[in-house]
Every structure is written in structure tokens, then in C-alpha cells.
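Asks: Can you keep this structure in mind? I'll have questions shortly.
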């Protein structure tokens, strides 16, 4: 009976999903964090896909370095009701944003929660709580730490049709992944969904 209960608890844990833009040569940002290589013109089907992925989650994880820009961008969009991004901005502002940092106790922004504790302990605690899944957008160093600790359950890598030659990576060591799904969109972005290979 105990085994059945344990199995049910494990199966019902929230998943941590990575959504990240990446180049064909495996970089997620330029050497100084540049994102000018990204394809910003998204077709309707890709927008629908991202909306569905977002709606499957109700919590955002982020590293400290990307938080201020992320929060200020979406809070500014929320001040523009005519913006095509307005409905998405509502989610980005209203979802709890758990920011992991060892250096700050508070970070300005709506629904921003600062986490100073151990990464593995804190993430596993979040996964065990009731609710929808959890999404992580970055940055590169934070995502690398999550990967190194085997905390990410599903990887959605948005491969842009560009190579930049140098920059920041999220994979620091060898990792076996299983490709679950792959879709090419009209703007030439290919979204690959991976899970960890066992």
C-alpha cells in the first residue's frame, strides 16, 4: 500500500519545463548576452503553441540576472491595453515569479518572490506543491544549474535559423536526451521537445 501511495505522489508532481531560444550551433545568447539573433516575427501557429505551453503552467522560475529586464518589459506592456502582447503580459505579470539569488533579499516587481535557499531543495519543494506545471525561461547560467542538478523535466528548444559562432551555452557537459516532438513553423523556427533519456 505504501508503494502505491509513493508512486501516485511521484506521478502527480508538477513538471519543470524549459522554454528557450537557441541557435543552430547551440548558443542561447551572444558572448555579452546579446539576443539580436532571435527571430521575433512569429506566425499564428507558433503563438498558439507558446500560449498553450504557458497556460499549462502557473509559476515562473528565473535567475536574478534576467529578472529586472523581464519584469519591466511585461509590466510596461500591461500599461498598453492595445498591445497585441497584452493578454500574454497579464500572465507574465500575474504568475508568481520565483527568482533564485544568493545576493539579494528583495527584487522589485509584481508577484516577484525571492528564493535564497538551496536550489535543489527549493525546486523539489515547488514541484511537490499542488498546481499547474512550472516554466523556466533563463538565463543561461541559471538554466545550466537546473540541468546540472537534473531538475528540468521537459525541454522546449526554439531553434532559430542562425549560427552565431560564439556565446553562452546551457549545456556544460554530456547529456542524453530523447526527442519527443519536432515542429517547423512558417518563420523557420523549429521547436524541439526533449525529455531526459533514461
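Asks: With runs of 4+ DSSP H residues as the only contributors, calculate the mean residue ellipticity of the chain at 222 nm using -39,500 (n - 2.57) per run, divided by the residue total and rounded to the nearest 500.
Replies: Mean residue ellipticity at 222 nm (helix-derived): -9500 deg cm²/dmol.
Asks: Here's something else I'd like to know. From the C-alpha gyration tensor of segment 138-195, pull out the three semi-axes of the equivalent ellipsoid (sqrt of 5λ each), sorted largest to smallest, in whole Å.
Replies: Ellipsoid semi-axes (Å, largest first): 21, 16, 9.
Asks: Quick one: the Cα spread of segment 27-94 along its three principal axes, in angstroms, biggest first?
Replies: 34, 26, 25
Asks: Along each of its three principal axes, how wide is the spread of alpha-carbon positions in segment 82-198, in whole angstrom units, largest first?
Replies: Taking max minus min along each principal axis of the Cα atoms, segment 82-198 gives 44, 39, 33 Å.
Asks: Inverting the mean 1/r over all pairs of different Cα atoms, compute the Kirkwood radius of the chain and quote it in Å.
Replies: 17.9
Asks: With a point put 7 Å past each Cα toward its Cβ, work out how far residue 177 is from residue 102 in nm, to one decimal.
Replies: 2.7
Asks: Determine the distance separating the Cα centre of segment 163-198 from the Cα centre of segment 140-160; give it in Å without decimals.
Replies: 10
Asks: Also: How many percent of DSSP beta bridges within the chain run antiparallel, rounded to 5?
Replies: Expressed as a percentage, antiparallel bridges in the chain total about 40.
Bear in mind these aren't lab numbers, they're just calculated from the coordinates by the rules spelled out. Small disclaimer: the values here were computed from a predicted structure and weren't measured. So basically every Cβ, Gly included, is an ideal-geometry build from the backbone, and we count neighbours across all protein chains shown.
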